[in-house]
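What follows is calculated from the coordinates using simple rules that are stated; it is not laboratory data. Please read these numbers as outputs of a predicted model, since none were measured by experiment. Here the Cβ positions follow ideal geometry from the backbone for every residue, glycine too, while neighbour counts run over all protein chains shown.
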Amino acid sequence: MSLTLRGLLAPIAAAVLAAAVLAGCGGTASAGARPSVGRLGALLTSGPGTHVDSRLAAAATVTDVSYTSYTPSGAPIAVSGAVYVPKGAPPAGGWPLVAYGHGTTGVTHGCAPTLSPDMFGNLPAVAGLVAQHWAVVMSDYQGLGGPGVHPYLDSTAQGLDVLGSVRAARSLGLPLAPQTALYGVSQGGRATEAATELAPARTPEIRLIGNAMTSPALRLDVMSAIDHGALTTPQYAISPLLVRGVQAVDPTLRTDQVLAGPLLRNDRALLACTATTTDTQTAALLAGVTPADVHPTGAARAAMAAYFDRNQLPRQANRAVPLFVERGTGDTLVTPAWTASAVRSLCVAGVTVTERVRPGGHVEDGDVATAAAWLADRFAGRPASDSCGGIA
């Protein structure tokens, strides 16, 4: 974001946190003005996009935004994001809108995708959606590009961040079609599914037509894996991020109550924004790690277990919105059995789920194309196929 827009976020945060939630939605703010505080998705600031990859800039007009969302405790907070609109004349009825839930980029300030031209690995997904001649809105998620602490994998907070981004995008006066689709990858899949479940009560005016997810972090049986010494190497690598997520809602939890050995020694390095550490560097940071190096006990274990239990999905499945779930049989980050369990729960709840199980790992080339093909059918009004009859 520009210095003016990004610099506004600190005073906005103070206003948001101090003010009562007001009805209505603020308009575009000019430098020096105090944007109005309002409901979920109230637009706080907007301005020309910065830190945009040149190829994406050639295909889309980019607007950086900030808007109101809510923390896990229910306090209003300013969240940054961006809106990408294909260049050229819009189709009749306006550009179809996709809200993109990005995959993990980190947990610290500066890890917002809008702050990096490559979006910390999320550029191919956004560019792929724009290439379909769809407008895209992406939330950075709270605490990454704006004030506050990022509650990593808190489903409600990130679900509200996604819904708020849709409202913010629609308040810009852009030629957008009335329907909204969701697409989430990994952490973003948790965010978009939470958004799907929260939408009827929190944003009933948003017309959701489908939610596509790639390797979504819907159910994470982390505590069981810890208890059985069954964490994989990628799961060890994100364990400091998991601890930081719990600490966002329970700051009494100390890192050394959970982590030891190389995970504790290299905690700061492992918390670096994704795509800034190579696989070789990560392997060196994890050298010598053992199951004993993730060892929450007593109150620390209870805090972590409560956090994960509270955020597992689905919780209140939305049967009106069909889902697409793509997962890899060799995924070592979001264990295939975890996703399969979540999909079974969605099916039992009566949700229409199109499942695609492919060979390969967490995210593979071609995932965006298959998700986009499914979303194109939803925009065209075609019914989604249902895999639930074949899911045991």
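Applying 0.36 nm per residue to the separation of ALA302 and ASP53 and subtracting their alpha-carbon distance, the gain on full extension is 85.3 nm. Charge tally around PRO234: other residues with Cβ under 11 Å, Lys/Arg +1 each, Asp/Glu -1 each, net -2.
Evaluating 6.51 cos²θ - 1.76 cosθ + 1.60 at θ = phi - 60° for every residue in segment 108-122, the Karplus couplings come out as 10, 4, x, 8, 6, x, 5, 8, 9, x, 8, 6, 6, x, 9 Hz, glycine and proline recorded as x.
Test of understanding: what is the full-extension gain from THR232 to GLU205, defined as 0.36 nm times their sequence separation minus their Cα-Cα distance? Taking THR232 through GLU205 to full extension adds about 5.6 nm, to one decimal. Each peptide in 168-180, 99-111, 298-310, 41-53 gets a packing score, the mean of other Cβ atoms within 10 Å over its residues, and the list from highest to lowest is 99-111, 41-53, 168-180, 298-310. Taken about its Cα centre, segment 222-310 carries a charge dipole of roughly 140 debye when the Cβ of each Lys and Arg holds +1 and the Cβ of each Asp and Glu holds -1. For LEU176, nonlocal amide neighbours, meaning residues 5 or more places apart or on other chains whose placed amide H falls under 5 Å from its own, are TRP95. One chain, two ends: ALA287 and ALA369. Fully extended at 0.36 nm per residue, the span grows by 25.9 nm beyond their Cα-Cα distance.
Prolate is the label for segment 222-310, because the ratio a/c of its alpha-carbon gyration tensor axes (a ≥ b ≥ c) is 1.5 or higher and a/b is greater than b/c.
Less than 5 angstrom separates the built amide H of PHE324 from those of ASN211, ALA212, MET213, THR354, all sequence-distant by 5 or more or on a different chain. In order along segment 89-103, the Karplus-derived 3J(HN,Hα) couplings, from 6.51 cos²θ - 1.76 cosθ + 1.60 at θ = phi - 60°, round to 6, x, x, 4, x, x, 6, x, 10, 10, 8, 9, x, 6, x Hz, and Gly and Pro are given as x.
Residue-wise HN-Hα couplings along segment 136-152, as the Karplus relation 6.51 cos²θ - 1.76 cosθ + 1.60 with θ = phi - 60° gives them from phi, are 10, 10, 10, 7, 6, 6, 4, x, 9, x, x, x, x, 10, 7, x, 3 Hz; Gly and Pro carry x. A helix-only calculation puts the chain at -11000 deg cm²/dmol for mean residue ellipticity at 222 nm, using -39500 (n - 2.57) for each DSSP H run of at least four residues, averaged over all residues.
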